[in-house]
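Heads up: the structure comes next, in structure tokens.
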Amino acid sequence: MTHRFLSHASLTALVAELVAAKTRVIAPVRAQDDPEQVDYRPIQKLEDVALGVRLTRGSLKEFFLPPTEVLLYYKQTKEGVDIREVPTEAPPQVILGSTPCDAAALEVVDKVMGWDYRDELWFGRRAASTIVSLLCTAMDSTCFCTATGLSPDSFRGSDALLVPVEDGYLAHVITPKGEALLQKYAEADECMKASAEVAQGEARQKVEKNLAAIPPEFSAWLAANFDNPIWKTIALRCHGCGACAGVCPTCHCFDIVDEHDTADEGVRRRNWDSCQTSKFTLHASGHNPRQSQSERFRQRIQHKFSIYPSRFAEILCTGCGRCTRACPGGMDLPKLLDELMTLAKSEATGSEPKGSSL
């Protein structure tokens, strides 16, 4: 890894060059429906970007796993069915100013996308993307990235990480992709490293107080407490709306349907889905193995913090806090995890949990 200084003027020139070359540049921008909010959107110039203003409402997921996309086209003929697959190679894109938790989430989801079947559309977009993340200083009380093994300055999933310093950014260049993107505009410089390290340390201290690190044994405790009646109490406020899955950077469940355009032809389409909705596990027979909302909410927690870790040695969560911010029922995931971990610890030590609302 190398360190380079990137001035504001150089970053402006870099974005201009990328846009002129027809490379899609995605960055945080003020939301059109609410200027107080920020979304990831394609930009035309650096002046459009809202770097480090606040956390985006949605994650980067939609640029790698779109909410809806065509997988193939089909046409029925007398001889059979003609199938035309969609291209799996994607045009180049640069992600500028993502939060480290969003960059890391892509690498986490890589595990399942390349597991028993390689999702070529996902990996085609991954290969075509260069991700330049930004030191996160806009975290709030719902953030808990350090509890999941990450940090506001995590390098994971990023090709380069920018840290604001005087007159620009110190760029931690992590991968060959990052080097290729920044080498023309960023100058080799170690002088700003000390001030950058101070900013990185302050950011870590700010978020560490929100939630203690999730211990490895928590996964086993969740698995052993699958039928614990506590889940009925926990899920009382869950509406089953799926808002949490929509904004989550690591939720990846989808449904596949065939849609007829005419009597003889149509498309096979993939759409986002959520284990929090009642129809997610509904069988054609009418049977639903998860009939209650408590069972569905339990599945969300178990999948993220027990099932996925047991299969991939990876927590399916980066602590971005979006599910808490988006939840209309006020489900506070950091608080919930804290109380569950406290309960698990009390059972292990034989003591009574103090101050629990579960």
Subject >> Selection from the range 186-203 of residues that are assigned to a helix (DSSP H, G or I) and buried (at least 16 other Cβ atoms within 10 Å of the Cβ) >> reply: ALA196, ALA199, GLN200, ALA203
Original post:
If you take just the strands (runs of 3 or more DSSP E) that sit entirely in the range 1-67, which of them hold at least 3 residues that are buried (at least 19 other Cβ atoms within 10 Å of the Cβ) and among the β-branched types (Val, Ile, Thr)?
Top reply: 24-30
Subject >> Candidate set from the range 306-343 (those that are over 15 Å from the mean Cα position of the chain (by Cα) and acidic (Asp, Glu)); member that is farthest from CYS136 (Cα to Cα) >> reply: GLU339
Subject >> Every residue from the range 243-261 that is at pLDDT below 95 and either of a type in the set (Ser, Thr, Tyr) or assigned to a loop (DSSP other than H, G, I, E, B) (or both) >> reply: ASP261
Original post:
Out of all the residues in the range 298-354, which are at positive phi and buried (at least 16 other Cβ atoms within 10 Å of the Cβ)?
Top reply: GLY319, GLY321
Original post:
When the range 266-279 is examined, which residues are found to be over 27 Å from THR142 (Cα atoms) and at pLDDT below 95?
Top reply: LYS279
**OP:** May I ask you to list the residues in the range 136-152 that are surrounded by fewer than 24 Cβ atoms within 10 Å (Cβ to Cβ) and under 14 Å from ASP102 (Cβ atoms)?
**Re:** ALA138, MET139, SER151
Subject >> Residues located in the range 9-55, provided they are over 24 Å from CYS320 (Cα atoms) and within 23 Å of the chain's Cα centre (by Cα) >> reply: THR23, ARG24
**OP:** Scan the range 197-227 for residues that are among the hydrophobic types (A, V, I, L, M, F, W, C) and free of Cβ contacts under 8 Å to residues at least 40 places away in the same chain and jot them down.
**Re:** VAL198, ALA224
Original post:
How many of the residues making up the range 204-215 are basic (Lys, Arg) and loosely packed, with under 14 Cβ neighbours inside 10 Å?
Top reply: 1
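Filter the range 246-271 for residues that are touching an Asp or Glu at 6+ places or on another chain (Cβ under 9 Å) and free of Cβ contacts under 8 Å to residues at least 60 places away in the same chain and give the result.
CYS253, ASP255
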**OP:** Check every one of the helices (runs of 4 or more DSSP H) wholly within the range 68-185 and list those with 1 or more residues that are among the basic types (Lys, Arg) and either more than 18 Å from PRO249 (Cβ to Cβ) or not assigned by TED's automatic domain parsing to the domain that holds ALA21 (or both).
**Re:** 176-182
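Could you pull out every one of the helices (runs of 4 or more DSSP H) wholly within the range 272-355 that has 2 or more residues that are in the same structural domain as LEU236 (by TED's automatic domain parsing) and more than 18 Å from LYS232 (Cα to Cα)?
In the range 272-355, 308-312, 322-326, 333-349 are the helices (runs of 4 or more DSSP H) which contain 2 or more residues that are in the same structural domain as LEU236 (by TED's automatic domain parsing) and more than 18 Å from LYS232 (Cα to Cα).
The values are calculated or read from the model by the stated rules, or taken from the named source; none is laboratory data. Everything quoted here is computed from the prediction, not taken from an experiment. A quick note on method: Cβ atoms are made from the backbone with ideal geometry, for glycine too, and the neighbour counts reach across all protein chains shown.
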